[in-house]
1. Against the condition in contact with a strand residue (DSSP E or B) (Cβ under 9 Å, 6 or more places away or on another chain) and either crowded, with 20+ Cβ neighbours inside 10 Å or modelled with pLDDT under 95 (or both), how does Thr322 come out, does it pass?
2. Suppose the filter is in contact with a helix residue (DSSP H, G or I) (Cβ under 6 Å, 6 or more places away or on another chain), surrounded by 21 or more Cβ atoms within 10 Å (Cβ to Cβ) and either among the hydroxyl-bearing types (Ser, Thr, Tyr) or assigned by TED's automatic domain parsing to the domain that holds Val323 (or both); does Phe155 pass it?
3. Quick check on region 238-284: of everything there that is charged (D, E, K, R) and part of a strand (DSSP E or B), which residue is nearest to Val211 (Cα to Cα)?
4. Anything in region 340-361 that is β-branched (Val, Ile, Thr), part of a strand (DSSP E or B) and over 20 Å from Leu192 (Cβ atoms)? List them, or say none.
5. Out of curiosity, is Arg243 of a type in the set (Lys, Arg), outside the structural domain of Leu29 (by TED's automatic domain parsing), farther than 30 Å from Ala91 by Cα and in contact (Cβ under 8 Å) with a residue 12 or more places away in the chain?
6. Residue check: is Val294 of a type in the set (A, V, I, L, M) and within 26 Å of Val81 (Cβ to Cβ)?
7. Going by what's in this entry, would Tyr338 be described as closer than 17 Å to Gly114 by Cα and in contact with a strand residue (DSSP E or B) (Cβ under 7 Å, 6 or more places away or on another chain)?
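The values are calculated or read from the model by the stated rules, or taken from the named source; none is laboratory data. These numbers were taken from a predicted model, which means no experiment stands behind them. A quick note on method: Cβ atoms are made from the backbone with ideal geometry, for glycine too, and the neighbour counts reach across all protein chains shown.
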Amino acid sequence: MLADHRIATIETARITTRYPRTVGRNARLPSHGSGFDSTVAVVRTDAGASGWGVIRGSVDDCGAVIGMPVSDLFDPAAGVVHLPALPLDFALHDLAGTILGTPVHTLLGDAGDGPVTCYSGAIYFDDLDPDDAPRGIDAVLANCASDWAAGFRAFKLKIGRGNRWMDPEAGFARDVEVTRAVREAYPGARLLVDANNGFSPADTVRYLRAVEDCDLFWVEEPFHEETAGLTLLRDYLASSGSRTLVADGEYRPDEAQLIELAEAGLIDVLLMDVIDYGLTAWRRIMPTLQELGVAASPHAWGMPLKTLYAATMAVGLGGVITVEGVPGTTEGVDTDAYRLSEGAIDVPDLPGFGLALTAPVSSAPAPTH
């Protein structure tokens, strides 16, 4: 069926991410603001089918695919097979699912189960804002309460305040204090922490010792991945009997290095970004991860839409231990088919991704975010 469709046009649309609050700093970056605009690609065929998705990079160089059969660009069993079409990774998955009348998660193999557990990834350093009158830990707890009311039952806490924003010792103490405060307020919630490479290996072990009774699900990107530091961390976790997982690979991932570290038993969960790494790449690497006994959790921060893509991957590929939730809405997209309830997302059995684009479409290229 895909061979009966040729690419007729590639258009663009702008969608808007809105957070329910201004999202503050992390260990490396200033305020993340309250939302932003993004470009999506809309691909139409000469037989009247269409699909759309967030762009990987830019569509500026995709004009050469106009007139090509969809089957020359996309293999339902593997994803995008024509390198110049990779910016259309998600749009082509959606298009193929639409043409075949099949959900993307079925194209991926339906190897996982739904609903998919989902944590709030929006618990940043809001205790430090505003500069002239910091709100303190109550601001962090208020954000947790807001996200709990929205349906989340797990929180990822940003740590590493001493890397840039506070005196190192004061920042470390605040990280510990925030972790303990959230655990006390939500004794049944799953807690994850993310240092955004703001710790040293020794600081990471020191922090984990200080919160060892808080039952952390994972520690994410405590420092830039390297063998000696991860070995120190793994030795501590083993000697202490901790169940905390080590999650890494979001920031500038080196795939070969990550696989080597995973083979050595130093990383439990790989985090390459949903969009930047890409669905086709995740399809390629997932069998290797499953052979190694390593879980996946594609980084999804920034867009609620990325969370839905990650949930689809979880149901389709299996091996995804949980997905990162981005509280908020997406203007220009009907996302009602996906429902978050009691900490898990239902993934619909609809053709493609089951997401209807309602934003106006333009034939003129739009700037990428």
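1. yes
2. In short, yes.
3. Once the filter is applied, the top-ranked residue is Asp248.
4. The answer is Val361, and nothing else.
5. For Arg243, the condition - of a type in the set (Lys, Arg), outside the structural domain of Leu29 (by TED's automatic domain parsing), farther than 30 Å from Ala91 by Cα and in contact (Cβ under 8 Å) with a residue 12 or more places away in the chain - is met.
6. Answer is yes for this residue.
7. Yes: the conditions hold for Tyr338.
Residue-by-condition table, conditions (1) touching a Phe, Trp or Tyr at 6+ places or on another chain (Cβ under 6 Å); (2) within 25 Å of Thr335 (Cβ to Cβ); (3) surrounded by 16 or more Cβ atoms within 10 Å (Cβ to Cβ); (4) modelled with pLDDT of 95 or more:
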position	(1), (2), (3), (4)
His5	no, no, yes, yes
Tyr19	no, yes, yes, yes
Arg25	yes, no, yes, yes
Leu29	no, no, no, yes
Ser34	yes, yes, no, yes
Ala41	no, yes, yes, yes
Ala49	no, yes, yes, yes
Ser71	no, no, yes, yes
Ala77	no, no, no, yes
